[in-house]
Amino acid sequence: MKKTLSIVLCAAFSLSIAAEVNYQVVPLPQQIDIDASGNYFVLADGMTVSYPADDTQMQRNAQFAEEYLKLSAKPADKKKPADVSLTLGLKSDSPDAYAIIVGKKGITIQGASPSGVFYGIQTLRKSIMNEQGEVRLPYATVSGSPRFGYRGTELDCARHFFPVSFIKKFIDILALHGINRLHWHLTDDQGWRFEVKALPELAKKASVRRNTVIGNNLYVKDPALTLFDDTPETGFYTQEELREVVRYAAERYITIVPEIDLPGHMVAAMSVYPDLGCTGGPYEVWNIWGISDDVLCAGNPKTLEFLKTVYDELCSVFPGELIHIGGDESPRVRWKTCPKCQAKMKELGLKDEAQLQTYINKEMESFLALRGRQIIGWDETLEGGLSDKAAVMSWRGYDGGKAAAKLHHHVVMTPTSHCYFDYYQLKNGKAQPLGIGGYLPLSKVYSMEPVPAELTEEEAKYIMGAQCNLWTEYMLSPDHVEFMLLPRLAAMSEVQWLQPQQKDYEQFLGRLEPLQQIYRKLGYKYCPTHE
Ligand code: ACM
Ligand code: ZN
């Protein structure tokens with residue numbers, strides 16, 4: 001009796017440690033065709049993975065496969081095929097498409113380009129990562145292709161500074177979720193984080209905030225109730241560090257979209273160069289949150305000179321085509337009474353101050369076009385008329401994005417309603433770290449539809465994709481950033497990858513549990529309760 005029981009237990013145990021994987025990861029592959037034969041391939045540590053010789057990107061992919069799948073990389077050799085073969089040549093409209101073919105001879109991960117192979121490796125990695133003991137991969141063809149080409153996440157390193165080591169971890173998290181753009185918010189009223197070699201004082205001084213308002217910023221309404229800490233917030237990225245981050249991101253098929261926010265959100269820079277403001281200052285790096293009336297003077301020729309110096313160096317560090325010029329929350333009150341701004345408006349025959357902002361945008365657009373770059377700005381840039389080819393990031397709802405798409409300008413949808421990950425993810429009153437306010441539960445992120453129904457098929461093509469945003473006024477540590485990001489990023493990644501008819505929230509929650517197990521393995525903090 002005892003012996004029988006132990007055999008049964010043993011069989012049950014061996015079943016549990018040799019479960020077959022089901023390839024149902026996040027983001028869900030578009031198609032999972034499991035072979036009816038019931039056969040499976042056993043993937044074991046130390047097996048080989050091959051890549052086309054002389055292809056450095058594919059070689060790097062093979063190194064990722066070594067690391068993630070515990071394989072041994074080697075150049076492809078027809079006479080001695082590897083257990084896992086990385087190949088190119090998949091036919092698809094998207095360079096990010098992949099197919100994983102599992103059969104008798106092993107596994108082939110084929111991509112439409114090296115990025116597709118990378119996503120195939122990530123899918124296989126997530127499929128097997130929670131398995132223990134023998135890893136059985138049913139014969140299958142698993143294929144994926146993202147709905148959108150632009151799959152973004154924004155990180156604000158101006159309000160709080162995060163070291164390069166964390167930026168790399170952040171990039172790894174994005175790569176795990178199939179995100180391919182890191183929109184990096186590098187400057188704001190509360191801190192300047194980008195080294196400009198021609199202006200050495202800028203980052204050195206403007207990166208230092210002497211203290212920071214504590215607790216909920218609503219207290220700022222009554223200065224008597226406002227409490228400040230006694231801890232300076234400092235830090236900027238040298239160009240050498242930034243180039244290293246660019247390289248690290250590119251290996252993971254992530255392009256950085258750097259943002260230097262103009263003409264508003266510039267108080268930190270103006271604290272070093274006060275004559276760039278309409279009143280001449282003095283200004284101090286802001287230690288509270290909110291919107292400053294003090295913005296760059298649009299009538300002072302030094303402003304464009306300054307911006308061109310900064311953006312020239314920005315282009316030398318960040319090779320991506322899109323350059324973010326900000327444009328949000330820039331009150332025009334100072335411009336209304338500034339003699340220089342008013343004179344500039346008269347000179348150019350502009351009818352209002354919104355057009356003055358467009359004038360700066362156009363100057364920056366042509367300056368950057370000479371460097372092969374294209375500008376993108378927040379939806380306020382529509383107000384005075386968009387410059388020729390500017391793309392729009394729609395954050396105050398979907399309307400800005402809709403209007404831009406109708407004008408045949410490219411759009412990234414990132415409305416506060418579905419994409420602001422600084423908002424609380426749990427209902428008011430539940431224990432959670434202090435945040436800026438708002439409420440954006442996981443289910444709401446998942447429900448996002450980036451393409452408004454009113455757009456024609458032609459207009460809809462201008463919606464490049466979607467993006468979630470992490471504004472860090474209330475995120476003082478990397479752990480807190482991760483907590484706000486995860487698992488909402490998982491929901492966002494399905495918005496970005498899946499076709500609408502494929503989305504199913506309940507089914508997603510079933511796939512989220514194993515993903516959260518992966519978060520725990522990788523040491524990523526996340527919010528364990530979902531609403
Ligand atoms: C923004 O949230 N001010 C773009
Ligand atoms: Zn002015």
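Just the residues that are touching a Phe, Trp or Tyr at 6+ places or on another chain (Cβ under 6 Å) and either open to solvent by less than 10 Å² (accessible area, probe 1.4 Å) or under 15 Å from residue 179 (Cβ atoms) (or both), please, taken from region 464-484.
Listed by number, the residues that qualify are 464, 465, 468, 469, 470, 482, 484.
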Open item on the list: Looking at residue 175 and the list (1) open to solvent by 20 Å² or more (accessible area, probe 1.4 Å); (2) not in a loop (DSSP other than H, G, I, E, B), which single condition is not satisfied?
Closed with: (1)
- [ ] Look at region 74-91 and say how many of its residues are touching a Leu at 6+ places or on another chain (Cβ under 8 Å) and acidic (Asp, Glu).
- [x] 1
Open item on the list: Every residue in region 273-312 that is assigned to a helix (DSSP H, G or I) and either on the phi > 0 side of the Ramachandran plot or open to solvent by 30 Å² or more (accessible area, probe 1.4 Å) (or both), please.
Closed with: 274, 275, 301, 302, 305, 308, 309, 312
Open item on the list: Criterion first (touching a residue at least 24 places away in the same chain (Cβ under 8 Å) and more than 18 Å from residue 317 (Cβ to Cβ)) does residue 165 satisfy it?
Closed with: no
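What's the total number of residues in region 224-264 that are assigned to a loop (DSSP other than H, G, I, E, B) and within 16 Å of ligand 2 (Cβ to nearest atom)?
Of the residues in region 224-264, 2 are assigned to a loop (DSSP other than H, G, I, E, B) and within 16 Å of ligand 2 (Cβ to nearest atom).
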Task: Members of region 196-234 that are without any contact (Cβ under 8 Å) to a residue 60 or more places away in the chain, exposed (fewer than 15 other Cβ atoms within 10 Å of the Cβ) and more than 28 Å from the chain's Cα centre (by Cα) - done: 200, 218, 221, 222, 223, 224, 225, 227, 228, 229, 230, 231
Open item on the list: From the list 313, 329, exactly one residue is under 30 Å from the mean Cα position of the chain (by Cα), within 16 Å of ligand 1 (Cβ to nearest atom) and of a type in the set (D, E, K, R). Which is it?
Closed with: 329
- [ ] Considering only region 273-293, state which residues are in contact with a strand residue (DSSP E or B) (Cβ under 8 Å, 6 or more places away or on another chain) and away from ligand 1 (no atom under 16 Å from the Cβ).
- [x] 276, 277, 283, 285, 287
TODO: Considering (1) under 26 Å from residue 487 (Cβ atoms); (2) away from ligand 1 (no atom under 16 Å from the Cβ); (3) surrounded by 21 or more Cβ atoms within 10 Å (Cβ to Cβ), say which one residue 414 fails and leave the rest.
DONE: (2)
Task: Whichever residue in region 65-86 is among the acidic types (Asp, Glu) and closer than 13 Å to residue 43 by Cα and, among such residues, is least open to solvent (accessible area, probe 1.4 Å) - done: 83
Open item on the list: Residues to consider are 148, 170, 161; find the one that is in a helix (DSSP H, G or I), under 17 Å from the mean Cα position of the chain (by Cα), on the phi < 0 side of the Ramachandran plot and not charged (D, E, K, R).
Closed with: 170
Open item on the list: Can you tell me how many residues within region 506-530 are within 21 Å of residue 475 (Cα to Cα) and either open to solvent by less than 40 Å² (accessible area, probe 1.4 Å) or outside any helix (DSSP H, G or I) (or both)?
Closed with: 9
- [ ] Among what's in region 417-441 and is of a type in the set (Phe, Trp, Tyr) and either open to solvent by 10 Å² or more (accessible area, probe 1.4 Å) or outside any loop (DSSP other than H, G, I, E, B) (or both), pick the residue that is nearest to ligand 2 (Cβ to nearest atom).
- [x] 420
- [ ] Working carefully through the options 444, 503, 461, find the one that is in contact with a His (Cβ under 7 Å, 6 or more places away or on another chain), at pLDDT 95 or above and either under 26 Å from residue 401 (Cβ atoms) or surrounded by 14 or more Cβ atoms within 10 Å (Cβ to Cβ) (or both).
- [x] 444
Task: Residue, nearest to residue 260 (Cα to Cα), within region 328-349, restricted to residues that are open to solvent by less than 40 Å² (accessible area, probe 1.4 Å) and of a type outside the set (S, T, N, Q) - done: 328
Open item on the list: Among the listed residues 470, 485, 440, identify the single one that is away from ligand 1 (no atom under 16 Å from the Cβ) and hydrophobic (A, V, I, L, M, F, W, C).
Closed with: 485
Open item on the list: Condition first: open to solvent by 10 Å² or more (accessible area, probe 1.4 Å), within 20 Å of the chain's Cα centre (by Cα) and either within 17 Å of residue 314 (Cβ to Cβ) or not small (Gly, Ala, Ser) (or both). Can you find one or more residues in region 181-195 that meet it?
Closed with: yes
- [ ] Check residue 307 against each of (1) within 16 Å of ligand 2 (Cβ to nearest atom); (2) over 18 Å from residue 239 (Cα atoms); (3) among the hydrophobic types (A, V, I, L, M, F, W, C) and name the one condition it does not meet.
- [x] (2)
Task: region 354-389 - residue that is among the charged types (D, E, K, R) and open to solvent by 20 Å² or more (accessible area, probe 1.4 Å) and, of those, modelled with the lowest pLDDT - done: 388
Task: Answer residue from region 313-327, given it is among the small types (Gly, Ala, Ser) and outside any helix (DSSP H, G or I) and is surrounded by the most Cβ atoms within 10 Å (Cβ to Cβ) among those - done: 327
Open item on the list: List the residue pairs whose Cβ atoms are under 7 Å apart, where the first residue sits in region 308-337 and is touching a residue at least 60 places away in the same chain (Cβ under 8 Å), the second is part of a helix (DSSP H, G or I) and among the β-branched types (Val, Ile, Thr), and the two are 6 or more positions apart or on different chains.
Closed with: 317/246; 318/246; 319/246; 327/381
- [ ] Considering only region 109-136, state which residues are over 22 Å from the mean Cα position of the chain (by Cα), farther than 16 Å from residue 28 by Cα and buried (at least 19 other Cβ atoms within 10 Å of the Cβ).
- [x] 109, 110, 111, 112, 135
Open item on the list: Exactly one of these conditions fails for residue 119: (1) out of contact with any Gly (no Cβ under 7 Å at 6 or more places or on another chain); (2) under 24 Å from residue 511 (Cβ atoms); (3) not in a strand (DSSP E or B). Give me its number.
Closed with: (1)
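The values are calculated or read from the model by the stated rules, or taken from the named source; none is laboratory data. Note that this is a predicted model, so its numbers are computed, not measured. Here the Cβ is made from the backbone with ideal geometry for all residues, glycine too, and neighbour counts use every protein chain on show. The accessibility values were calculated without ligands, DNA or RNA, using every heavy atom of the protein model including side chains. Shrake-Rupley method; radii C 1.70, N 1.55, O 1.52, S 1.80 Å.
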